[in-house]
Amino acid sequence: MYTTPEYIRPVIGISCGDLNGIGLELIIKTVSNNKILDLCTPVIFTSGKAINFYRKLLPESNFNVQSIKDFSRINPKQVNIYSCWEEDVAITPGQLTEESGKYAVISLTTAVQALKDGHIKGLVTAPINKKNTQSESFPYTGHTPYLKAAFEAREVVMMMVASNMRVALLTEHVPVTGVGPFITKANILSKLKLVEESLVKDFGIEKPKIAVLGLNPHAGDEGLIGTEEETAIKPAIKEFKHQGNSIVQGPFSADAFFARGYHERFDAVLAMYHDQGLIPFKSLAHGEGVNFTGGLPVVRTSPDHGTAFDIAGKNKADESSMYAAIFTCVDIIRQRAEFRENRKNPLKKVTNRLLANVVDERIDLE
């Protein structure tokens, strides 16, 4: 199943993000790498005029492109632009405008509909800015809550992914003063289950090892510095050890955990709040981090940074994270297909292992 063309080189949708941010610049730099067409068939959700605006600022960009209004005309040998609008839109790199947020939402919602309809196999989202995207018609603090609502997912988890670590968040865009009420045994158990399922299904790890961070300094110091570890985090870990298939350890003191390289001993780390997980992640991911939304029925990734208005339009943005986001999206699509195939025919995996053992024994005898 995962060896068919739709999985070997899947069609990947890319939303353009804020028109005045670095999103389109990153996209153009990434698709200018000819190797991208060996990996997937990209479909950029924007307008030809927006692409041309940024191509003029990036003289080194070099790729074949076609504009389409019909998904049946997607060309796997070219970069495809799905025209989400035809009108002229003012683009002023580095400026936060109502208009640039409006069209970022149009790009995103159009791409999500294409994902729902099966026209694309996965979605990579360029950065948006909450200040100019939130409205009565789009009442979301970011991509993750919007996608949760759009696909009617019971629960999702924001997971930051790099070659050397994965960090999942218990809470996302919640003020630090509001984190406390979310630190409950039920919430931690729910996120741990979601992280475990994602590691198995999306990353092919049969028996994951998950670390859980404490909330308070020194992980509460046995209740001397806060009680959440004793009342919620430890009980959740204890119960999950009986429920899940994973090895779960913690709570670890967050300050020493990453500094001592403990994250490399685990398949994922569950952090209690946004900055507790993302500060060390962005410091250690070497610019190639990816934001992945676990728990969705579809695959969505994005770069691990924001709109970066301060460098927008100046040809300074590094596309490493965007390229990694596309690669990770393709990789998870393939892994999910393999997971479904193995679940559909569980004997296949066992048979392959038995055959491998027989071959090894024959080699040893020879």
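The values are calculated or read from the model by the stated rules, or taken from the named source; none is laboratory data. All values derive from a computational prediction rather than experimental measurement. Note that each Cβ is placed from the backbone with ideal geometry, even for glycine, and that neighbours are counted across all protein chains shown.
Results, tabulated for the structure shown:
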| read-out | value |
| --- | --- |
| Residues of region 267-284 classified as of a type in the set (Gly, Ala, Ser) and surrounded by fewer than 22 Cβ atoms within 10 Å (Cβ to Cβ), total | 1 |
| Failed condition for Glu341, given (1) modelled with pLDDT of 90 or more; (2) assigned by TED's automatic domain parsing to the domain that holds Ile22; (3) surrounded by 14 or more Cβ atoms within 10 Å (Cβ to Cβ) | (1) |
| Number of the condition not met by Val248 [criteria: (1) closer than 30 Å to Lys131 by Cβ; (2) assigned by TED's automatic domain parsing to the domain that holds Pro175; (3) of a type outside the set (D, E, K, R)] | (1) |
| Hits in region 285-295 - residues which are more than 18 Å from Ile22 (Cβ to Cβ) and either crowded, with 22+ Cβ neighbours inside 10 Å or more than 17 Å from the chain's Cα centre (by Cα) (or both) | Phe292, Thr293, Gly294, Gly295 |
| Wholly within region 12-87, helices (runs of 4 or more DSSP H) carrying at least 3 residues that are in contact (Cβ under 8 Å) with a residue 24 or more places away in the chain and under 17 Å from Ser320 (Cβ atoms) | 23-31 |
| Among (1) out of contact with any Ser or Thr (no Cβ under 7 Å at 6 or more places or on another chain); (2) farther than 23 Å from Phe257 by Cβ; (3) outside any loop (DSSP other than H, G, I, E, B) - the single one Met160 does not satisfy | (2) |
| Residue list for region 120-142, filter: in contact with a strand residue (DSSP E or B) (Cβ under 6 Å, 6 or more places away or on another chain) and either over 14 Å from Gly17 (Cα atoms) or at pLDDT below 95 (or both) | Ile120, Lys121, Gly122 |
| Count - residues of region 166-177 that are at pLDDT 95 or above and either under 14 Å from Gln276 (Cβ atoms) or in contact with a Gly (Cβ under 8 Å, 6 or more places away or on another chain) (or both) | 5 |
| Within region 185-277, strands (runs of 3 or more DSSP E) holding 2 or more residues that are free of Cβ contacts under 8 Å to residues at least 60 places away in the same chain and in contact with a Gly (Cβ under 6 Å, 6 or more places away or on another chain) | 209-213 |
| Pairs where the first residue, in region 157-184, is farther than 23 Å from Tyr323 by Cα and the second is of a type in the set (A, V, I, L, M) and assigned to a loop (DSSP other than H, G, I, E, B), C-beta under 6 Å, 6+ apart | Leu170/Met272; Thr171/Val179; Ile183/Leu215 |
| Residue within region 256-266 that is under 23 Å from His143 (Cα atoms) and surrounded by 21 or more Cβ atoms within 10 Å (Cβ to Cβ) present | no |
| Candidate set: region 303-332, residues that are over 18 Å from Asn33 (Cα atoms) and small (Gly, Ala, Ser); chosen: the one surrounded by the most Cβ atoms within 10 Å (Cβ to Cβ) | Ala312 |
| Complete set of residues in region 155-177 that are in contact with a strand residue (DSSP E or B) (Cβ under 9 Å, 6 or more places away or on another chain), among the charged types (D, E, K, R) and either surrounded by fewer than 23 Cβ atoms within 10 Å (Cβ to Cβ) or over 12 Å from Val290 (Cβ atoms) (or both) | Glu172 |
| Residue match in region 222-229 (condition: surrounded by 23 or more Cβ atoms within 10 Å (Cβ to Cβ) and not acidic (Asp, Glu)) | no |
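To keep it simple, each residue is scored yes or no on (1) assigned by TED's automatic domain parsing to the domain that holds Ala324; (2) more than 25 Å from the chain's Cα centre (by Cα); (3) crowded, with 18+ Cβ neighbours inside 10 Å; (4) basic (Lys, Arg).
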position: Leu58; (1), (2), (3), (4): yes, yes, no, no
position: Lys69; (1), (2), (3), (4): yes, yes, no, yes
position: Cys84; (1), (2), (3), (4): yes, no, yes, no
position: Ile91; (1), (2), (3), (4): yes, yes, yes, no
position: Ser100; (1), (2), (3), (4): yes, no, yes, no
position: Ser107; (1), (2), (3), (4): yes, no, yes, no
position: Ile120; (1), (2), (3), (4): yes, no, yes, no
